[in-house]
1. Got a sec? Which of A:Val199, A:Val189 is more than 20 Å from the chain's Cα centre (by Cα) and either surrounded by 13 or more Cβ atoms within 10 Å (Cβ to Cβ) or touching a residue at least 24 places away in the same chain (Cβ under 8 Å) (or both)?
2. Out of the range A:45-77, which residues are of a type in the set (Ser, Thr, Tyr) and away from chain B (no Cβ under 14 Å)?
3. So in the range B:73-88, with the set limited to residues that are at pLDDT 85 or above and open to solvent by 20 Å² or more (accessible area, probe 1.4 Å), which one is nearest to the other protein chains (Cβ to nearest Cβ)?
4. Select from the range A:104-118 the residues that are without any contact (Cβ under 8 Å) to a residue 40 or more places away in the chain and either over 16 Å from A:Ser45 (Cα atoms) or touching a Gly at 6+ places or on another chain (Cβ under 9 Å) (or both) and write down the one among them that is surrounded by the fewest Cβ atoms within 10 Å (Cβ to Cβ).
5. Which residue is surrounded by the most Cβ atoms within 10 Å (Cβ to Cβ), if the candidates are limited to the range A:82-96 and must be farther than 15 Å from B:Val52 by Cα and facing chain B (nearest Cβ under 10 Å)?
6. Can you tell me which residue among B:Arg102, B:Arg10 is among the charged types (D, E, K, R), open to solvent by 10 Å² or more (accessible area, probe 1.4 Å) and closer than 25 Å to B:Lys176 by Cβ?
7. Could you look through the range B:14-56, keep only residues that are over 28 Å from B:Glu173 (Cα atoms) and open to solvent by less than 20 Å² (accessible area, probe 1.4 Å), and pick out the one that is farthest from the other protein chains (Cβ to nearest Cβ)?
8. Test A:Ser45 against the criterion of being surrounded by fewer than 22 Cβ atoms within 10 Å (Cβ to Cβ) and not in a helix (DSSP H, G or I), and give yes or no.
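The values are calculated or read from the model by the stated rules, or taken from the named source; none is laboratory data. On a predicted model such as this, the values are computed, not experimentally measured, just so you know. Backbone-built Cβ (ideal geometry, glycine too); neighbour counts: all protein chains shown. Heads up: the accessible areas ignore ligands, DNA and RNA and are worked out on the full protein's heavy atoms, side chains in. Shrake-Rupley method; radii C 1.70, N 1.55, O 1.52, S 1.80 Å.
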Amino acid sequence: MYKILRYSFYDLMRSRWTYFYFGFFLLFTLALLFLSSDVGKVIISLMNVILVLVPLIATMFGIMFYYNSREFTELLLAQQLSRTQLFLGQYLGLALSLSASLLLGVGLPFLFYGIFFSAEIGNFIVLLLNGVLLSFIFSGMAFWIALRHENRIKGFGLAIMMWLFFAVIYDGIFLLLLMWFSDYPLEYVSLGASLLNPVDLSRILILLKLDISALMGYTGAVFEKFLGTGLGIALSFLSLGFWILLPTANIRRVALTKDF
Amino acid sequence: MIDIINLHKRFGKLQVLQGINLEFRDQGKITAVLGPNGSGKTTLIKCILGMVLPEEGEIWVGGKSIRGESAYRSRIGYLPQIAQFPNNLTVQEVIRLIKTIRGEGANEQPLIDLFGLSPYLDKRLSALSGGTKQKVNLTLALMYDSPILILDEPTAGLDPIALIRLKDFIRQEKQKGKHILITTHIISLVEELADEIVFLLEGKIYFRGAPGQLKAQYGEEDLEHAIAAILTSQPKNGHNGHPPAETARLKSQTLQPAFSIK
């Protein structure tokens, strides 16, 4: 599996889209750091971009990577590799190269800025960690969708819908529910609902870490009370871990029963 | 070496293989798997490689069932039909990748020389023409000394010189005692190389035997017409599985490339 992982990683690290992705984060982070002297604010701005863009790019990369390497995958399937090794290797190579672009693109400017001597280092690490987790989650989901659907247009469509659902539609439904049932105490319901969406969960984790949950009113207080505790942190990371495990397990399951 | 027992495969509503029984035991033999488009040739090959999973039936390679196995594939050199490689890698890197997966024993240099690939080794695969990609594909499939070679349309896109060299190479491999399975639509290739023909039609084995036997059975002088006779279907027992329109379609699909090459 390591061989396939390494090859996928190098293949992607040389793709111009990877450079583009890396370059975008590099320039964007540099620009933000130049424009603002408040690292906390830069981290919030970056958070908003990362929470939307990282899932989108990971989704697109996941779908494109699978479909582009479809025929080569057939050649690899004819070697003495098990399917689990092959597909998990490809997926991990993909997720790691995406993570590397993000970490370097955002990390390098902050490194030169001297983030290690700043009080914001903890927040910064939480931001990056969430970006990496989102890369793994969404590239995995996209890889799973691509593996399930031979029809590329259908696969693309479904993957974009999946991203749209988690990034936009879920929040819309969530807000509507909060409005309709505003007479009821919904703090714990919304807490539960947030755990079910990796994008929301990441956002809340970062906001809590940045200590601006007071802006979220009473719900924010409930969140902080819950997620600030050891149990809360454990549960949210467990939930993100589950979101990685879900596509990974399904990639393996589909790969073992699929005809190529 | 390869035993196929009662193999069934369906894709959705389409029954592609319907009870295939085959065994390939002899060493140093070239078997051509023929049949019109959609007759199940590639599916059969992919079943042997474990890429397509049959609903029913068993395949044994080297005396062991292949179900859930992957190690047996080190004994098979496989040439896939469509050569498509990761665009960001160079020829050299792809060869190295297959070598890291398959391990020791690769002997790619003679093939690189044979197909004149040296100038392309440092080029990215996305920059290569279709024929050159096929040469890379062939190099990857043939660079190991595997006792079984499975070649799906090996001549696709090759120039005449490469074609002659490939045929010589296949003959040499046969001399070494390998079992070689070839699918092709190029009948002249079959006539030149094959010791045995397996003709698939609608997922069943319609004929198996030496090329001479096929010609004799259908009373034709050359293989091309014998195969045309199978498809227009007048074997002596009067069996005809196809309506006339279907037969004409099958005939044109199968034989046109052969005529154009000749």
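1. Going through A:Val199, A:Val189 in turn, just one is more than 20 Å from the chain's Cα centre (by Cα) and either surrounded by 13 or more Cβ atoms within 10 Å (Cβ to Cβ) or touching a residue at least 24 places away in the same chain (Cβ under 8 Å) (or both): A:Val189.
2. A:Ser45, A:Thr59
3. Filtering the range B:73-88 for residues that are at pLDDT 85 or above and open to solvent by 20 Å² or more (accessible area, probe 1.4 Å), the one nearest to the other protein chains (Cβ to nearest Cβ) comes out as B:Ser74.
4. Checking each candidate, the answer is A:Phe117.
5. In this case the residue turns out to be A:Leu86.
6. On inspection, the qualifying residue turns out to be B:Arg102.
7. This residue is B:Leu17.
8. No.
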